[in-house]
Amino acid sequence: MEFAYAIDKLKSKLEKSDFYRIMLEGSKSENIIAKEGKIDSVNQNEHFGLSIFYTVGKFGYFYSTNNPEDLDKFKIDLALKKYSNLDYTPKESGIKDSKVIGEKSNLDLEYVAKELAKKTKLKDKIISHDARYFNNEIHRKIVCRNTDIEQTQYRGFVLSSCTAKENNVLRKNTDRIAKGNSLNNYFDNFILNNEKFEKETVEKLSLKEGLTGKYSVILDPTVTSLLAHEAIGHSCEADLVYNKQSILRNKLGKTLAKDFVSLADDPTVRDNLFGSFYYDDEGFKAKTRYLIKEGKLNDYILNDRYSQLMKMENNAGSRTINYTHLPIPRMSNTSFLPGKITINEMIKEMRNGVILSGFNGGETNPAVGTYQFGVKEAKIVKNGEIKETRVNLSYSGSILNSLKNIVDVSKDIKMDSPGFCGKEDQSGLPCDSFDPYLLVKNVRLG
């Protein structure tokens, strides 16, 4: 890895500091964009960089560079950012380990580009169609006085979006796969699904839009993931909690939902989930965080700093988008845990209501505890049977009321809601979910 030769030299220069953490990062990526039957762009990129966080007395310093020559000039009093009156004492894990997540891609770029071009050819009532492929290989090394961790992660992402039109009616649709692994075993199935994907988009032209009112609803796993990640997960991030920007501040141990409701943020490496890691970006070992346990608020997502400020155990929740930013508390794979009934049993239990599926953007305010999400599709259920389907609607509510109003949780789960999370000036952080269906009463649509 670039800069690796400089580790010993940097450690010598940092010897007089009270604490230091060096992060070396190297990444390789492949990007392909196809539009309407043509290859728009094919790019391969490689980046290297290094950052140093260190403390002297009550002052903390942060320095980053992608120029190896800068390291010869580095001095302990030189930093891009200086933090005065440091409010905690940084710690290290003392772990020495090397891990690899996933496997290197063996997909030929020319093959991928040609398949994406074929996939995006316009036909029938499809008036626009584009596809994007992204393959990423990232190596990180974290070094402190007694810590030396190397972690290599392979990730793959492919997205297709198209628009169908008939008369003055437009319908948009998206299909995607994102894995904490290369797409060696997934890409061909994505291509084979194209005909079905386009057919579903065209079929939406005949469906009415919108639905308003209060209903009992079943959230399918793609919508459950919105509630888990955007509404509850962000509200459990310790920096927001500590800085009075979360409705869940001072609620540890309080009952928020019925005792069959639990929610976890689980970064441990499993099932090729997009947000997994062995060690967080401060070098602490990943562990499952049970944010809500049997209906009660049980934990927050913490890093070294906020675990000390809040007098709680550090649960390795520190992540950064890249070496140019300090790690902060962030989610990984955030989901409600499965219940005991099937989705068919849940529909019978609801009897009359709406099944919501497919997320379509939205916003949440953790400080106030409110949210509004766009939803792609709503199936109207009467007497236990689906009678009609609507498209393009929204649902809104408060975090605390939504948790109280959960009536049941399915044992069926899906792992198809990966995405890129944004927070502060760090956008594009891989996250995922493994959510069940939720039956929730008194949900406002419209």
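The values are calculated or read from the model by the stated rules, or taken from the named source; none is laboratory data. Everything quoted here is computed from the prediction, not taken from an experiment. Reconstructed Cβ throughout: ideal geometry from the backbone, glycine too, with neighbour counts over all protein chains shown.
Figures for the structure shown
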| read-out | value |
| --- | --- |
| Residue in the stretch 42-51 that is under 26 Å from residue 239 (Cβ atoms) and not aliphatic (A, V, I, L, M) present | yes |
| Test: residue in the stretch 104-121 that is modelled with pLDDT of 95 or more and closer than 30 Å to residue 302 by Cβ | no |
| Selection status of residue 387, basic (Lys, Arg), without any contact (Cβ under 8 Å) to a residue 40 or more places away in the chain, surrounded by 17 or more Cβ atoms within 10 Å (Cβ to Cβ) and in a strand (DSSP E or B) | no |
| Verdict on residue 92 being surrounded by 15 or more Cβ atoms within 10 Å (Cβ to Cβ) and modelled with pLDDT of 90 or more | yes |
| Subset of the stretch 154-169 [in a strand (DSSP E or B) and polar (S, T, N, Q)] | 160, 161, 163 |
| Search result, residues across the stretch 146-189 that are over 13 Å from residue 134 (Cβ atoms) and basic (Lys, Arg) | 165, 171, 172 |
| Scan of the stretch 95-120 for residues that are part of a helix (DSSP H, G or I) and touching a Lys or Arg at 6+ places or on another chain (Cβ under 9 Å), ordered by number | 116, 117 |
| Filter result (buried (at least 22 other Cβ atoms within 10 Å of the Cβ) and under 20 Å from residue 441 (Cβ atoms)) within the stretch 325-346 | 336, 346 |
| Members of the stretch 143-153 found to be in a strand (DSSP E or B) and among the hydrophobic types (A, V, I, L, M, F, W, C), listed by number | 143, 149 |
| Only listed residue being among the charged types (D, E, K, R), buried (at least 18 other Cβ atoms within 10 Å of the Cβ) and in the same structural domain as residue 279 (by TED's automatic domain parsing), chosen from 435, 425, 416 | 435 |
| Residue among 349, 282 that alone is within 20 Å of residue 442 (Cα to Cα), in contact (Cβ under 8 Å) with a residue 60 or more places away in the chain, among the charged types (D, E, K, R) and not assigned by TED's automatic domain parsing to the domain that holds residue 136 | 349 |
| Candidates 239, 280, 259 - the one that is crowded, with 24+ Cβ neighbours inside 10 Å and charged (D, E, K, R) | 280 |
| Check on residue 158, crowded, with 19+ Cβ neighbours inside 10 Å, out of contact with any Gly (no Cβ under 6 Å at 6 or more places or on another chain) and without any contact (Cβ under 8 Å) to a residue 60 or more places away in the chain | yes |
| Search result, residues across the stretch 95-120 that are of a type in the set (Asp, Glu) and crowded, with 18+ Cβ neighbours inside 10 Å | 115 |
| Boolean, residue 246 is of a type in the set (Ser, Thr, Tyr), closer than 30 Å to residue 389 by Cβ, buried (at least 23 other Cβ atoms within 10 Å of the Cβ) and out of contact with any Lys or Arg (no Cβ under 8 Å at 6 or more places or on another chain) | no |
| Some residue of the stretch 121-142 being surrounded by fewer than 19 Cβ atoms within 10 Å (Cβ to Cβ), part of a strand (DSSP E or B), outside the structural domain of residue 318 (by TED's automatic domain parsing) and touching a Leu at 6+ places or on another chain (Cβ under 6 Å) | yes |
| Test: residue 215 is in contact (Cβ under 8 Å) with a residue 60 or more places away in the chain, farther than 30 Å from residue 318 by Cα and among the aromatic types (Phe, Trp, Tyr) | yes |
| Strands (runs of 3 or more DSSP E) contained entirely in the stretch 270-381, each with at least 2 residues that are under 30 Å from residue 149 (Cβ atoms) | 289-293, 334-336 |
